[in-house]
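See below for the structure under consideration.
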Amino acid sequence: MTAWNDLVGTVLLGTRRRPVDIAALPAGVRDLAGQRTDPADQALVAAAALTGYLRAGRQPLAGVEPEPAAAEDTRPLVRTVARARLGHLLSANRPELLEEWLNAVADRGFRIPPGRLPALADAARTRVSLRAPLAAVAGPVGVWLGERNPDWAFLVAADDDTSDNAWQFGTAARRQAWLERVLVADPARARAALSAAWSSEPAEIRATFLTLLGEHLAEQDEAFVEAALGDRAAGVRDIALRLFGRYPDSEFGKRMIERLRACVTVRSRPLRADVLEFSPPEADDSLVRDGIRVPAGPGQGTAQLRAIIAAAPLRFWAEYGTPGELAGMLVDGPPLNVVRESWATAALRQRDEQWAQALVEAEPSGRGTAALIGVLSPDQQAATVAKLTRRLPVEALTRLILDLPQPWPAQLGTVLLDWIAGQRDHRLVAHAAALVAKAVPVPCLGHPLAEIPLPGEAAPWRRAVAETLSFRREMHKELA
């Protein structure tokens, strides 16, 4: 390309000012151009010959070994109708339904045509949620592609390699996949490898690995999680604090109870409700060692109190009353919403259904209501949301539906579809309905709302809901 750029520069400047550099041309082009004596003629001949040379003037490579083929994939190929559905999903740009389709294919043990993998891999580059199901569906062909294209390296994570090489020298995605597999196959080996590498890992990798360990948390991990409370990265400390909710009888929990006991009293009032009185905790270095680091300044005491309430085992409050009684008590000291939000954080960390239910009933439209509902059992989720559909205005209920943690149980999906069916046309209802149609589980796809009305019989958003439900129902039927 240097010779071509030089030649273009000569033509632009003119051969009178800059002659053609014959010596810089490739041998064959140089011979042809050298036969001309006129500088302009020489430049034109060189340009014509060099154009052809750049397009086809290469010697064939010798001694090149073909790439080894990918390992055989013995899984059955998806049916023809399902392959056609995949083409429609790719062309229609519906990533949320594409993710569901890939998960369904992986769950049923099918594979997809290898020719579709490049387009799917490109889609997964910009939508991270597609990567795990695509890697599972792609199988050994995906691993083969990921090893040859750095942009598709996430496909290599599907490899079943459990050797130490994958952990020591693999990409971040491959090491994460290794840890996830070995935590199940050989937990002691996985924990030993994680402990040995922990101090040398970047903060974002430590956070990822600690989150993954949390999915397989065991009693013997308590010391490791407690050590992570003193991590230099705030994100890692936050994850460790969340995981300690799984150890209600830990030494850490006991320390939090002692701190909280010094901050809480109950003031009784004759013929009136009791009041919970809070005082700021005494600041000391032990708070920092336990992962509670609050910037100095106005509000520091309240922030420390919030962190201690959120970290303390909820059993501490039994001596003051039931969760329902406490959630309705008056508070003196910090704002009531600070105390309730701290209790909500504790309930989420400790997965305490009784506290979650009490806090939802005390403040149905609170910021943490949706997350608290996710702590409840499937039947209780459905019953609670059904009650809220009758209590909350459309604006608050729509916000709640959009924030409800997924995946939803079938009972909750039915409640939400029934609510949509009974609503009048409203832009917020239409917004929530679009999400519900995409998120309800498979058993809900036979709901009467899935019957597509004729054009003109219903508002466009109702027809869109019916089409989405019907599309998903057919999609799963094709993979059955």
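The values are calculated or read from the model by the stated rules, or taken from the named source; none is laboratory data. Source: prediction; values computed, not measured. Virtual Cβ from ideal backbone geometry, glycine too; neighbours counted across all protein chains shown.
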Check your understanding: So how many residues does region 307-337 have that are surrounded by fewer than 18 Cβ atoms within 10 Å (Cβ to Cβ) and either in a strand (DSSP E or B) or within 28 Å of the chain's Cα centre (by Cα) (or both)?
Key -> 3
Practice item. Please verify whether region 83-90 includes one or more residues that are under 24 Å from LEU179 (Cβ atoms), surrounded by fewer than 19 Cβ atoms within 10 Å (Cβ to Cβ) and either in the same structural domain as ARG36 (by TED's automatic domain parsing) or out of contact with any helix residue (DSSP H, G or I) (no Cβ under 8 Å at 6 or more places or on another chain) (or both). Key: no
Check your understanding: Can GLY366 be described as within 18 Å of PRO248 (Cβ to Cβ) and either outside any helix (DSSP H, G or I) or among the charged types (D, E, K, R) (or both)?
Key -> no
Practice item. Return the only residue of ALA240, ALA196 being out of contact with any helix residue (DSSP H, G or I) (no Cβ under 9 Å at 6 or more places or on another chain) and not basic (Lys, Arg). Key: ALA196
Review point. Among VAL20, VAL45, VAL78, VAL29, which is in contact with a helix residue (DSSP H, G or I) (Cβ under 8 Å, 6 or more places away or on another chain), closer than 30 Å to PHE110 by Cα and buried (at least 16 other Cβ atoms within 10 Å of the Cβ)?
Key: VAL78
Check your understanding: Out of the residues in region 163-188 that are aromatic (Phe, Trp, Tyr) and closer than 24 Å to GLN220 by Cα, which is surrounded by the most Cβ atoms within 10 Å (Cβ to Cβ)?
Key -> TRP178
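Every residue, every condition in (1) surrounded by 14 or more Cβ atoms within 10 Å (Cβ to Cβ); (2) in a helix (DSSP H, G or I), yes or no:
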position: LEU210; (1), (2): yes, yes
position: HIS216; (1), (2): yes, no
position: GLU226; (1), (2): yes, yes
position: ARG232; (1), (2): no, no
position: VAL236; (1), (2): yes, yes
position: LEU241; (1), (2): yes, yes
position: GLY253; (1), (2): yes, yes
position: LEU276; (1), (2): yes, no
position: PRO280; (1), (2): yes, no
Check your understanding: Can we say VAL128 is within 17 Å of GLY142 (Cα to Cα) and either at pLDDT below 90 or not assigned by TED's automatic domain parsing to the domain that holds GLU478 (or both)?
Key -> yes
Practice item. Out of the residues in region 390-446 that are over 26 Å from the mean Cα position of the chain (by Cα) and among the small types (Gly, Ala, Ser), state the one that is surrounded by the fewest Cβ atoms within 10 Å (Cβ to Cβ). Key: GLY422
Practice item. From (1) at pLDDT below 85; (2) surrounded by 13 or more Cβ atoms within 10 Å (Cβ to Cβ), pick out the condition that doesn't hold for ARG58. Key: (2)
